[in-house]
């Protein structure tokens, strides 16, 4: 496989090489190249329309891309290479690749017709074909981990936004993913509920989970992110450790974005 | 204000509903006049009562009920397949589903009944030549013609109802299901359709009730439904209106039972939705 950096001792969890995508005439992603190493927490920041969410969605193939390549855990995403040609994978094969990632959405997207517990056990039972009673205990542990074991029987409509998002995190973790993707997980929350979700994410990061977080929470990015990526107009403008990029940005665009973001927040 | 007003001590007077009272009075008067008219009209209610549980009538009722369920089952099976095909990204499947709905919603049901029943005029035999062949007149009995015409027709309507239910499910639900590694089939079966059912059940119940009454049309091609049974009797005893009241009564009974069944389904699929039938 191709490597973005020269380091070949550890397989990156995600390896993106010149990923590009066009929506009609608009270049949503252009030459996005980055590696995410096991255990790393990468925060992607940038103005809206900068392509950060699109890139995240390419990693679990909710979005397709037109050029470049993406590897997940050493496996080429979406295509099988036969000689010099790339053949698209079937729906079933793509579903198999998605199992390695857990996704947390801005708008939670819990299944409203299922209880919190059923939301968590659904994929292990239906996708991994595990037995329901066998999955139950693990699911309760996950609910306990996000502090909501007492809400196991509640329907999403009976929970606050913060509680719903914590259930959504537990649901994603139930598939034992190698990588967790967070798409602006606190943007749809009332301000007083942001903290409880960030606390769960902080806990997850310290447990060694590999995470890519698209976020507007610059404080969280600085505190928890091993690396921060600043994107603008579909391109990676600047990458650095959280401390470097946030306090001493090299690019003008990064500096301007941080300035407006901090004065606004 | 000179003295301190204690608003809590004042009595709350209920809003008067003069309109409702007037309506109730009007309804009672009309109902009284109607009942009196029918009681004194030229209807021999004793005859109606006598034939209500007549074996021929009960046999016809049985036929009406099983035919309705079979046609609805065919309709739901076809409707589900067409709705999923319509939502597909495959242009061939989508085109086929659109054509199907266009064709079977376009032609009047009574014509479809007559065409299926007279299929023998077009194809005297059915089957694959050399392997098996049947005489069309033997295969296409009134019951088979009814199942084919009403079932295929119902499929076209049900497909649109199920499709609207699927469109009513948030896109984020598809994405969440896919992101967890579900295939399209699993996502449909476990996530999308159960939520679509909540939207689909009321119009589907409506459709089923319509279908129960549509089976009466099958009497024109000789299917022995409850209307046909009543007609058979009044041809011999000339008690026309008395006998027509008999299937009317039974249709009301069947529709009442179905309406109650619909409530149960609405409650079942409304779970987790605050607005669902339960609360």
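Readers should treat all values here as calculations from the given coordinates under stated rules, not as data from a laboratory. The model shown is predicted, which means the values in this text are computed figures rather than measured ones. Reconstructed Cβ throughout: ideal geometry from the backbone, glycine too, with neighbour counts over all protein chains shown.
Tabulated data
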| quantity | calculated |
| --- | --- |
| Share of Cα-Cα pairs in region B:160-279 lying beyond 22 Å, as whole percent | 53 |
| Gyration tensor (alpha-carbon) shape descriptor, region A:43-189, a/c threshold 1.5 | oblate |
| Rg to Rh quotient for the protein assembly as shown, alpha carbon positions, Kirkwood Rh | 1.13 |
| Cα Rg, Dmax (largest Cα-Cα span) when computed across chain A, Å | 18.6, 56 |
| Mean Cα-pair separation over length for chain B, i.e. relative contact order, pairs under 8 Å, 6 or more apart, % | 24 |
| Paramagnetic reach from residue B:92 (point 7 Å along Cα→Cβ, amide N under 20 Å) across region B:183-206 | B:184-185 |
| Structure-based [θ]222 nm, chain B - -39500 (n - 2.57) summed over DSSP H runs of at least 4, per residue, nearest 500 | -23500 deg cm²/dmol |
| FRET efficiency, residue B:237 to residue A:26 (Cβ-Cβ, R0 51 Å, nearest 0.05) | 0.05 |
| Relative contact order (%) - chain A, alpha-carbon pairs under 8 angstrom, separation at least six | 25 |
| Cα-based equivalent ellipsoid of region A:114-209: semi-axis lengths in Å, sorted from largest, via gyration tensor | 21, 16, 11 |
| Shape of region B:61-116, Cα gyration tensor, a/c cut at 1.5 | oblate |
| Of every Cα-Cα pair in region A:1-88, the percent that sits beyond 20 Å | 35 |
| In nm, spacing of pseudo-spin labels at residue B:189 and residue B:135 (7 Å Cα→C-beta vector) | 4.4 |
| Gaussian network model of chain B, Cα within-10 Å springs - most flexible of B:128, B:233, B:78 | B:128 |
| Max mean-square fluctuation residue, GNM over chain B, Cα-Cα springs under 10 Å, options B:143, B:216, B:96 | B:96 |
| Euclidean distance between Cα centres, region B:139-182 to region B:91-136, Å | 20 |
| Fraction in percent of alpha-carbon pairs per bin - 5 Å, region B:222-267 | 5, 21, 21, 16, 12, 10, 8, 5, 2, 0 |
| Rel. contact order, % - alpha carbon contacts under 8 angstrom, at least six apart, region A:131-175 | 47 |
| Inter-part distance where region A:137-206 and region A:40-58 are each reduced to a Cα centre, Å | 20 |
| Region B:18-158: C-alpha pair distances exceeding 25 Å, % | 58 |
| Radius of gyration and Dmax over the Cα atoms of chain B, both given in Å | 26.2, 107 |
| Region B:57-83 versus region A:234-265: alpha-carbon centroid distance in Å | 65 |
| Rg/Rh (Cα only; Kirkwood hydrodynamic radius) as it applies to region B:193-232 | 1.26 |
| Choice from B:58, B:260, B:150 with maximal GNM fluctuation in chain B (Cα, 10 Å cutoff) | B:260 |
| Where labels lie 7 Å past Cα in the beta-carbon direction, separation of residue B:115 and residue B:29 in nm | 5.2 |
| Contour excess over end-to-end distance, with Cα ends at residue B:9 and residue B:244 and 0.36 nm allotted per residue | 78.3 nm |
| For region B:88-192, radius of gyration divided by Kirkwood radius, i.e. Rg to Rh on alpha-carbons | 1.15 |
